[in-house]
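The values are calculated or read from the model by the stated rules, or taken from the named source; none is laboratory data. If you're wondering where the values come from, they're calculated on a predicted model, not measured in any experiment. As a convention, Cβ positions derive from the backbone with ideal geometry for all residues, glycine included, and neighbour counts pool all protein chains shown.
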Amino acid sequence: MAIASGLGGAVADDWIGAGAVATLWIVWKYMRDADGLPVLAMALTFQWMQVTIGIWYFAITGRHLDAMDLSDYRPMVLIGLGCVLALTIGLYAGFKLVRYWHRRDPAHASVELDVKWPMLAALYAASLLAQGVLQDLAFDYPTLTQAILSFKFAHLALLFIVLRRLTRPTVRLPIIAGIIALEVALGLTQYFAGFRDPIIMAVIAMFEIFDVRRLQHWIVVTAAAVLLAIISVMWIGVRRDYRADLDAEVFQQSGHSKFDTISGLSEGWMKKSKEDMFADLEVLLNRLWVIYYPAVTVSRVPSVLPHTHGSLLLAAIEHVASPRVFFPTKAELQSDSDLVRRYTGLFVAGAEQNTSIAFGYAAEMYIDFGVPVMFLPLAVFAFLMGIAYEELRIRIHHDELRRGLLAVIFWLTFYLFERSLAKTMGLAGTLLVYLAAPALLLDFYLSRNDLASVAIEPETPEEDERTRQLRAWHLR
């Protein structure tokens, strides 16, 4: 770690670079679970990138991003790294507690799903076709919106299972590329950046089996990273025009498809000059480096505005503890834009422009408590999620079901630095209720059937590995 930190400080020409590399090293050392699934390490790495990317961009190019010129960004970068560490510590403590609880239990059995390729492909295709219908249906029933939208997350888990199978025993690159191309194309037709998560699921699946000695593995991961970077820059360049067409309901009036429109905009973007593409890249980097508004807030609290002593945290907990399905008249969350306006003194775009400016959980907790107390609620939340992670890992015995579930729940919960604490906790609760609970029931049902069949079958020399695993589990 010391050597890596030193190199980070040297590259950035800034001691914060050394601290950033040390933080990343800690994340990857402690956030890979006992099964080797790297989802938490990747999610927290994405947050780390959002906190530090401006430093590395300046080190490489000598160019400032906006936050460097418009704010005192350094304290907020340090606070952001502290948040990543607090989440890492909380998650790890949750893991350790659950492992202590189960210390007398033998390692849990891991059983493959008895679902053949034709059935898995049919399930995946059905979930893919249902996405658009359910997306429209969800907002027609406000009290059930979260429950209906959770089907989208179930589709993402199915996608992960499909991609994971395609990497074993060998990586079937053409099929993986075709599936990702389809998912990305559909994601580009959404209002927000729906193309990112499918690529991330492919990278997580690859990292499970990544071998530094295999050239093919390097090619797949590098291609995914390059694809994500190019599409992200392109999306920044075309999203304003595409969203304008969506808001104006052009597709309903003209009969043009969303796919044709985004294809045309993409082709136009590819014809841009290198200077214009580079400008779009800097817009993307400014968008990813979500430091500016929190940095301005840090400079004004408590010198101009006082700390709120937990009022934002209490409001978040009350909001999450009263789900809309049971409390249909509950008030909406305060807009992030309203918080930005109040605590930065800047009149940013808000509900009047049908938008919300990201403020983020770190700024909220700083406003509530300041340093260092602000890190405690984050560590407690991560601690509870660490318990949930490890319990799900131990209790769900079907390997693909477990890994798909954990990949989706914990990537979506932990990868965004700019999401508010209420939205982060609310999403975590939604995923645990509408994904984890059904998965536990499904695993229990499948396990009973598996065990019943193994219990009545005599042992034979020819039985496969899955049957031997089930028999060992049954005899326990």
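Among the residues in the stretch 323-336, are any assigned to a helix (DSSP H, G or I), out of contact with any strand residue (DSSP E or B) (no Cβ under 6 Å at 6 or more places or on another chain), crowded, with 22+ Cβ neighbours inside 10 Å and modelled with pLDDT under 95? Talk me through it step by step, then tell me what you get.
As a first pass, look at the stretch 323-336 and keep what is assigned to a helix (DSSP H, G or I): 336.
Narrowing further to those that are out of contact with any strand residue (DSSP E or B) (no Cβ under 6 Å at 6 or more places or on another chain): 336.
If we keep only those that are crowded, with 22+ Cβ neighbours inside 10 Å too, we end up with 336.
After this cut, where a residue has to be modelled with pLDDT under 95 as well, the list is 336.
Among the residues of the stretch 323-336, at least one is assigned to a helix (DSSP H, G or I), out of contact with any strand residue (DSSP E or B) (no Cβ under 6 Å at 6 or more places or on another chain), crowded, with 22+ Cβ neighbours inside 10 Å and modelled with pLDDT under 95, which makes the answer yes.
State whether the residues of the stretch 33-52 include one that is more than 29 Å from Gly404 (Cβ to Cβ) and at pLDDT 95 or above.
Yes, because at least one residue in the stretch 33-52 is more than 29 Å from Gly404 (Cβ to Cβ) and at pLDDT 95 or above.
Would you mind finding the one in Ile161, Ile209 that is aliphatic (A, V, I, L, M), modelled with pLDDT under 90 and over 29 Å from Gly264 (Cα atoms)?
Working: Ile161 fails: modelled with pLDDT under 90.
Answer to the check: Ile209.
Is there a residue being assigned to a helix (DSSP H, G or I), more than 19 Å from the chain's Cα centre (by Cα) and aliphatic (A, V, I, L, M) anywhere in the stretch 152-170?
Among the residues of the stretch 152-170, not one is assigned to a helix (DSSP H, G or I), more than 19 Å from the chain's Cα centre (by Cα) and aliphatic (A, V, I, L, M), which makes the answer no.
Can you tell which of Tyr415, Tyr389, Tyr434 is buried (at least 21 other Cβ atoms within 10 Å of the Cβ) and over 26 Å from Thr297 (Cβ atoms)?
Tyr389
Would you be able to tell me the number of residues in the stretch 153-180 that are without any contact (Cβ under 8 Å) to a residue 40 or more places away in the chain, closer than 21 Å to Gln135 by Cβ and out of contact with any helix residue (DSSP H, G or I) (no Cβ under 6 Å at 6 or more places or on another chain)?
Total satisfying the criteria: 1.
Looking at (1) crowded, with 16+ Cβ neighbours inside 10 Å; (2) part of a helix (DSSP H, G or I); (3) not small (Gly, Ala, Ser), can you tell me which one Leu129 breaks?
Unmet for Leu129, out of (1) crowded, with 16+ Cβ neighbours inside 10 Å; (2) part of a helix (DSSP H, G or I); (3) not small (Gly, Ala, Ser): (1).
I want to confirm something. Restricting to the stretch 251-281 and keeping residues that are closer than 13 Å to Trp235 by Cα and charged (D, E, K, R), which single residue is modelled with the highest pLDDT?
Checked the stretch 251-281; the qualifying residue modelled with the highest pLDDT is Asp280.
Name the residues in the stretch 147-157 that are crowded, with 19+ Cβ neighbours inside 10 Å and among the aliphatic types (A, V, I, L, M), would you?
Correct list: Ala154, Leu156, Ala157.
Can you tell me which condition Ile204 does not meet? The list is (1) more than 26 Å from Trp28 (Cα to Cα); (2) crowded, with 20+ Cβ neighbours inside 10 Å; (3) of a type outside the set (Phe, Trp, Tyr); (4) in contact with a Lys or Arg (Cβ under 9 Å, 6 or more places away or on another chain), and all the others hold.
The single condition Ile204 does not satisfy is (1).
For the stretch 290-306, give me each residue that is touching a Ser or Thr at 6+ places or on another chain (Cβ under 8 Å) and either charged (D, E, K, R) or surrounded by 19 or more Cβ atoms within 10 Å (Cβ to Cβ) (or both).
Within the stretch 290-306, Ile291, Tyr292, Tyr293, Ala295, Val296, Thr297, Arg300 meet the criteria.
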